[in-house]
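Structure first, then comments.
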Amino acid sequence: MSKFLQRLKSGRLRGLISALAVILLAGAVIEGLSFLQYHYAHKVLQEELDQLVESEMMQKSMRVKGILKTHEKIIQNYQWSIQQQLQNTDNIYRVTRRIVASNKDVMSAFVAFSPDYYPDRGRLFEPGAYRVDDSIITKQLSGIDHDYTSREYYHKVIEDNRSNWTDPYLDSTASGKVVTTYALPVTDDSGRTVGVFGIDLSTQGIIDTLNTKHTNPSTFFLLLTNEGKLISRPDYSHTQKDDVMKIVEMINDSTYDRKSSSTGSSKIITFHDKENGKGYAYYAPMQGKPHWQVVMVCYDKEVYGKLYQIRSRFMMMILAGLVALAYILYRFFRNVLRLHESKLRRERTESELRIAQNIQSEMLPSQEIHRPEVDVCGKQVTALEVGGDLYGYLVRNEKLYFCIGDVSGKGVPSSLVMAAVHSYFRNLALHESNPARIMQTINEIAVEGNKSNMFVTLFIGVLDLPTGRLRYCNAGHDAPLVISQDVKMLAVDANLPIGVFDDVRYAVQEELLPPNCTLLLYTDGLTETNDNERHLFGLQRIIDTAKICLEQGKTEPAMLMDTMLDSATQFAGDAKQSDDLTMLAIHYHQPAENIVLDESLNLTNDIHRVPELNEFVKSVARRLNLEPSLSSQLMLAVEEMVVNVMNYGYPIGVQGDITIEAQATDQSLKLIIIDEGKAFDPTSNSKVDTMLSAEDRPIGGLGIHLVQKLMDSINYERINGKNYLTLKKEINKPDK
């Protein structure tokens, strides 16, 4: 016991206890980070699930509405024929028979006349035809067991004098199937309503539509009436009837807890069943009439299954690590007196630096960008295990966002700042297209709590890919090289680095890049590469090397950076470098596209000219042989944005011009809206809250939200005092 106390008092044992405490603390930090990472991944997956589900619900709704609209057109096309045959009832029979014969989903067609309209036919007269198996029966449908004047569809049409869909019901008098009735008024030559013309549509087609192409095996769709009655049932091979009825009951029972999705477009009820466990029921009303509800049901085990597997495996790895750690500690206690403390610290430090190096390298872009308009790649050589240089890039809405920076200092502190700045850039670039505002926000965050007085030189650029217009902002970084017909420095304002003062104001600069142009960005690790005599590589050698690459046709990003790095390496020889070297190369080229259509329409800001706009879009769609549904989407999106310009782009009472250009290739269609009104970037609007009332919701926000859903990309540019808004839609997606 006395020997143990003596060891406890010794510095070596106290160091052992300190080392043990550090190891345990590191384990707790790793577990905490694991939990945060899992929580964040779960949240991201939840948001992606909401968007995926609502996208599928929208598609199903559009398909159901498409079925209904198709049959509405059928009966509307025959309405005039019926009204012309009021004096010839035999022809009415033939028309109803033709409707049933030519449409397999139509169970019956009928004309229910007002009581005593034909005195010689009795009080009630309803000529019609209905399907029985493979036969079509034509007869007078009214009778003792069928008084159509008591039916909902008859009263609705007669009272409202307009068409109407009914909720599905069992047709016990004719087809014997579940149908929904669509009816519209019949008028005579004087315009008086004399009856109701309608069809009974089988709901089987709607059911089949909702039961196809599910995301996961257990996923299914339901269709409910506005009052919550079940219309479409799922395939019970994947679920139980009792589970379906339970979900319908929960949706109809207001006491059940529910929440809004992350987009606010639907409601979610969480439930449990014995077979599949935890599940989610998303539901939202269909737009327009009939006022039905679409429900999508998915289960937790399929949605988050891979995340749970990763979490379980990670926990097993942690458990295995703890077991291994316990064994190491056991061996450590046995041999601690024979180990040198400095060796242990060095090994632990090297291990942590290797982990930090791996983490840092994974934060930088792992894949190059190769698109028809641009090629991008970066390269980094660190002087120590971890560095303070950073670069990043991403493409959003046909714009390339990129940055390059250099953190003051070396080692782990600068690498932590580098990680933070890189994360800020990526998050801000997903929502903001102004490089100066991105720089301003990063600076404000970096200044706050910067007790170590570290700063970052940073260059941020936003390249508009269709036009080559580069907007950029510099914060104390080296000016990039522009390699085109010659090699020149990009004109940049010096500005202060970020993290120095919170009152620095950054401004945007612009440059129009010509086609087949390469932009080379670099950190001072390239200019300050030194040889054994402490001579620097310098800016002039960088320019000379770039000119050689231009002469040899090596301006592609990878070749350019490899040549530049080889030149710097040969200059340095075996001299050890003290600074990180990072390069980012961007090759911009506008590919020749096979333009199959190029038309334009000029309008004034007169709302009465919207029909001309719609006819122009229809003409473009017809020439491109687009599907009617896609044509409708294009017309809706273009009309929304053009009407916004008409209403708000110019001052009240001022006439302004609006040009709509349609440019189509084999793969895509671009609709470009050009005006000289007020500058307004719809792509920078915050996400619309569809749960707000119409009075509280900002004007235009919902329309822009809809256009973003309908189009593949939206690109805005302000050039020479004009607004250029490009709506792009893929019309012939290549097979993957």
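The values are calculated or read from the model by the stated rules, or taken from the named source; none is laboratory data. This is a predicted model, so every value here is computed, not measured. As a convention, Cβ positions derive from the backbone with ideal geometry for all residues, glycine included, and neighbour counts pool all protein chains shown. Only protein heavy atoms, including side chains, enter the accessible area calculation; ligands, DNA and RNA are left aside. Shrake-Rupley method; radii C 1.70, N 1.55, O 1.52, S 1.80 Å.
From the list Thr255, Thr270, Thr263, the one residue that fits, being part of a strand (DSSP E or B) and polar (S, T, N, Q), is Thr270. Residues that are open to solvent by less than 30 Å² (accessible area, probe 1.4 Å) and closer than 18 Å to Ala558 by Cα within region 374-399 comprise Val374, Asp375, Val376, Cys377, Gly378, Leu390, Tyr391, Gly392, Tyr393, Leu394, listed in sequence order. Of Lys213, Lys246, all but one fail to be part of a loop (DSSP other than H, G, I, E, B), open to solvent by 10 Å² or more (accessible area, probe 1.4 Å), out of contact with any His (no Cβ under 6 Å at 6 or more places or on another chain) and farther than 24 Å from Tyr130 by Cα; the exception is Lys213. Count of region 217-236 residues, restricted to those that are part of a loop (DSSP other than H, G, I, E, B) and open to solvent by 10 Å² or more (accessible area, probe 1.4 Å), is 8.
Picking from Leu519, Leu584, Leu526, which residue would you name as being of a type in the set (A, V, I, L, M, F, W, C), touching a Cys at 6+ places or on another chain (Cβ under 9 Å) and crowded, with 22+ Cβ neighbours inside 10 Å? That would be Leu584, the only listed residue that is of a type in the set (A, V, I, L, M, F, W, C), touching a Cys at 6+ places or on another chain (Cβ under 9 Å) and crowded, with 22+ Cβ neighbours inside 10 Å.
Residues are listed down the side, and each one gets a yes or a no for (1) out of contact with any helix residue (DSSP H, G or I) (no Cβ under 7 Å at 6 or more places or on another chain); (2) in contact (Cβ under 8 Å) with a residue 60 or more places away in the chain; (3) farther than 19 Å from Gln293 by Cα; (4) of a type in the set (Val, Ile, Thr):
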residue	(1), (2), (3), (4)
Phe220	yes, yes, no, no
Ile247	yes, no, no, yes
Asn252	yes, no, no, no
Tyr256	no, no, no, no
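May I ask you to list pairs of residues, at least six apart or on different chains, whose Cβ atoms are under 7 Å apart, with the first in region 526-543 being on the phi > 0 side of the Ramachandran plot and the second being among the polar types (S, T, N, Q)? Matching pairs, first to second residue: Gly538/Thr527. Quick check on region 468-478. Is at least one of its residues out of contact with any helix residue (DSSP H, G or I) (no Cβ under 8 Å at 6 or more places or on another chain), free of Cβ contacts under 8 Å to residues at least 40 places away in the same chain and closer than 20 Å to Ala420 by Cα? For region 468-478, residues out of contact with any helix residue (DSSP H, G or I) (no Cβ under 8 Å at 6 or more places or on another chain), free of Cβ contacts under 8 Å to residues at least 40 places away in the same chain and closer than 20 Å to Ala420 by Cα: present. Check whether at least one residue in region 487-502 is outside any helix (DSSP H, G or I), among the aromatic types (Phe, Trp, Tyr), surrounded by fewer than 20 Cβ atoms within 10 Å (Cβ to Cβ) and modelled with pLDDT under 95, and report yes or no. Yes, the conditions are met somewhere in region 487-502. Remark: pairs (first residue in region 141-158, without any contact (Cβ under 8 Å) to a residue 60 or more places away in the chain and surrounded by 14 or more Cβ atoms within 10 Å (Cβ to Cβ); second residue in a loop (DSSP other than H, G, I, E, B) and of a type outside the set (S, T, N, Q); Cβ separation under 6 Å; 6+ apart in sequence or on different chains) = Leu141/Glu126; Ser142/Leu124; Ser142/Glu126; Tyr148/Glu126. If the condition is being surrounded by fewer than 18 Cβ atoms within 10 Å (Cβ to Cβ), in contact (Cβ under 8 Å) with a residue 60 or more places away in the chain and hydroxyl-bearing (Ser, Thr, Tyr), then region 173-208 contributes Thr187, Thr193.
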